[in-house]
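Okay, structure first, notes after.
Every number here is computed from the coordinates shown, using simple stated rules; none is lab data. This one's a predicted model, so the numbers in the text were calculated from it and none came from an experiment. Here the Cβ positions follow ideal geometry from the backbone for every residue, glycine too, while neighbour counts run over all protein chains shown.
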Amino acid sequence: MNTKKGVVILGHPRSGTTLLRRIFNAHPEFASPPETHLLGACARFIDADYTADGVDMGVLSGLNFAGFEDEEVLSRLKELAFGFLDTFAQNHGKRRWAEKTAFDIFCADAIERIFGDSVFYLGIIRHPLDVAVSSVEFCATAGVYPSSMHPYIKRHPRPVEAFAHSWADATKTLMGLGERQGENSLIIRYEDLVEDPADTLEAVFAKLGESFVPDMLEDALERSEILGFSDHKTYGESSIHSSSSGRWQSLPSPLVSDLAPMLNPLLEVCGYDALSHRPISQDRLRRRYLSGLAVQMQKKN
């Protein structure tokens, strides 16, 4: 049982982090604001470049030279974040808080360095190709690739491939965090949450020393709450369901086959079925392409 005041929700964007946040906000003991970007900002505050000699050129070295030890700087950052989140919880009559900002997973190591074991880390994992499909749709709607995605888009011009690689990195980060934090963390799967929310959430809140309140499942999507940065999709839903699972199966089989060698080891660890890896020759792909053109011409005529 873990009774730390704060819970940090982490997962690749489009993995169900917003759903988790809204469920926590519906719990009588937790307040969970829309995305504050607070923890990521704290993480970026200590980001640094390095000289050829390995010296970090950033705020920690700068303040260290000015007489402030690293631990003091990190402690002040933690107090800054806790001050906002504690006040938010108090303003809503709650004892505890849960913080979720979608892209925090990409600076999770720095977040852990600042907050250590003073918070509980709750991770959520979703099938990588469902994440990729949903991420492509989100970016098309928003009209932008968020900055955390830029390195992946540059290396992998096919968007689904780019998001599959970012999922792999995010999942490895989450697993590493879970190993280091041990009992101070828990990782769940999105599919388990939407297919059996009661049992999944009962285990989550038991780990946190709180009771699962069944009414939360209805209240999470129906109650009025503060609007802000968040996944807009959950606001159009009236119940928790699994209809979004498995959408990746409509992806072209050559693309899925290309990604299989990279994803399959992690899929196995996460409890998902392996992807089929059946390379198709270029000759066959070209014939398939021409056949598709012929079909379109017939439809036109």
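So what J values fall out for the stretch 73-82 if you push phi through Karplus, 6.51 cos²θ - 1.76 cosθ + 1.60 with θ = phi - 60°, rounded to Hz, Gly and Pro as x?
After applying 6.51 cos²θ - 1.76 cosθ + 1.60, I find 4, 5, 5, 5, 4, 4, 5, 4, 5, 4 Hz.
How do Ile240, Ile187 line up, fewest other C-beta atoms within 10 Å first? Write down the numbers at each step before the final one.
Numbers: Ile240 20, Ile187 17.
Lowest to highest Cβ neighbour count: Ile187, Ile240.
Of Lys5/Lys100; Lys94/Lys172; Lys5/Lys207; Lys78/Lys100, which pairs sit farther than 22 Å apart, going by alpha carbon to alpha carbon?
On the way: Lys5/Lys100 14 Å; Lys94/Lys172 33 Å; Lys5/Lys207 13 Å; Lys78/Lys100 16 Å.
From Lys5/Lys100; Lys94/Lys172; Lys5/Lys207; Lys78/Lys100, over 22 Å: Lys94/Lys172.
Taking R0 as 30 Å, what FRET efficiency do you get between Arg180 and Asp215 from their Cβ-Cβ distance, rounded to the nearest 0.05? It would help to have the intermediate numbers written out before the result.
Details: r = 35 Å, r/R0 = 1.17.
E between Arg180 and Asp215, to the nearest 0.05, is 0.30.
Taking 0.36 nm per intervening residue step and subtracting the Cα-Cα distance, what contour gain separates Asp109 from Asp49 on full extension? The partial results should precede the final answer.
Numbers: separation 60, 0.36 × 60 = 21.60 nm, distance 1.60 nm.
Roughly 20.0 nm would be gained on extension.
Roughly how many debye, to the nearest 20, is the charge dipole of the chain about its Cα centre, given +1 on each Lys and Arg Cβ, -1 on each Asp and Glu Cβ, and no other charges? Numbers along the way, then the final one.
Details: 31 positive and 41 negative charges, 319 e Å.
Approximately 1540 debye in magnitude.
Report the extension gain between Leu290 and Thr141 in nm, rounded to one decimal, defined as 0.36 nm multiplied by the number of residues separating them, less their alpha carbon distance. Kindly include the intermediate steps, with their values, before the conclusion.
On the way: separation 149, 0.36 × 149 = 53.64 nm, distance 3.12 nm.
Full extension from Leu290 to Thr141 adds 50.5 nm.
Return the loop-located GluC sites (Glu not before Pro) in the stretch 45-123 (DSSP other than H, G, I, E, B) with at most 11 other Cβ atoms within 10 Å of their own Cβ; answer none if there are none. Working shown, then result.
Values: sites: Glu69, Glu71, Glu72, Glu79, Glu99, Glu112; in loops: Glu69.
Of the GluC sites (Glu not before Pro), the ones in loops of the stretch 45-123 whose Cβ has at most 11 other Cβ atoms within 10 Å are Glu69.
Taking the dipole about the Cα centre of the stretch 6-300, with the C-beta of Lys and Arg at +1 and of Asp and Glu at -1, give me whichever of Phe30, His156, Ser118 is farthest to the positive side.
His156
When the Kirkwood radius is taken over all Cα pairs of the stretch 138-188, what Stokes-Einstein diffusion coefficient follows at 37 °C and 0.692 mPa s, in µm²/s? Don't skip to the end; give the middle numbers.
Details: Rh = 12.4 Å.
For the chosen part, D equals 264 µm²/s.
Applying the Karplus parametrisation 6.51 cos²θ - 1.76 cosθ + 1.60 with θ = phi - 60° to the phi angles of the stretch 208-216, what ³J(HN,Hα) value in whole Hz is obtained for each residue in order, glycine and proline being reported as x?
Working through the residues one at a time gives 8, x, 10, 8, 7, 10, x, 4, 4 Hz.
Is the C-alpha gyration tensor of the stretch 1-144 telling us rounded, prolate or oblate? Criteria: a/c under 1.5 is rounded; beyond that, a/b larger than b/c is prolate, otherwise oblate. Can you show the working numbers first?
Working: a/c = 2.33, a/b = 1.26, b/c = 1.85.
Oblate, because a/c is 1.5 or more while a/b does not exceed b/c.
From the Cα gyration tensor of the stretch 59-134, with a ≥ b ≥ c the square roots of its eigenvalues, which class applies: rounded if a/c is under 1.5, or else prolate if a/b is larger than b/c, or else oblate? Can you show the working numbers first?
Working: a/c = 2.95, a/b = 1.37, b/c = 2.15.
Oblate is the answer for the stretch 59-134, as a/c is 1.5 or above yet b/c matches or exceeds a/b.
Hey, how many Å between the Cα centroid of the stretch 115-141 and the Cα centroid of the stretch 1-74?
16 Å
Tell me, what ³J(HN,Hα) does each residue in the stretch 22-33 have, in order and in whole Hz, if you take phi through Karplus 6.51 cos²θ - 1.76 cosθ + 1.60 with θ = phi - 60° and put x for Gly and Pro?
5, 5, 4, 5, 7, 6, x, 9, 10, 10, 9, x
According to the square roots a ≥ b ≥ c of the eigenvalues of the Cα gyration tensor, what is the shape class of the stretch 6-300, taking rounded for a/c under 1.5, prolate for a/b larger than b/c otherwise, and oblate for the remainder? Working shown, then result.
Numbers: a/c = 2.13, a/b = 1.38, b/c = 1.55.
It comes out oblate by the Cα gyration axes.
For the pair Leu227 and His156, how long in nm is the line joining their label points, each one 7 Å along Cα→Cβ?
3.4 nm
How far, in nm, would the chain grow between Lys5 and Ser281 when pulled straight, counting 0.36 nm per residue and subtracting the alpha carbon separation?
Numbers: separation 276, 0.36 × 276 = 99.36 nm, distance 5.59 nm.
So the extension gain works out to 93.8 nm.
With unit charges on the beta carbon (Lys/Arg positive, Asp/Glu negative), name the residue among Thr87, Ala274, Gly176 whose Cα is farthest towards the positive pole of the charge dipole of the chain.
So the residue we want is Ala274.
Given the rule -39500 (n - 2.57) for each run of at least 4 DSSP H residues, summed and divided by the residues of the chain, what is its mean residue ellipticity at 222 nm, to the nearest 500 deg cm²/dmol? Walk me through the intermediate numbers first.
Numbers: 13 runs with 161 residues, N = 301.
Computed mean residue ellipticity for the chain: -16500 deg cm²/dmol.
DSSP beta bridges in the chain, what fraction antiparallel, as a percent rounded to 5?
Values: 3 of 18 bridges.
Of those bridges, close to 15 percent are antiparallel.
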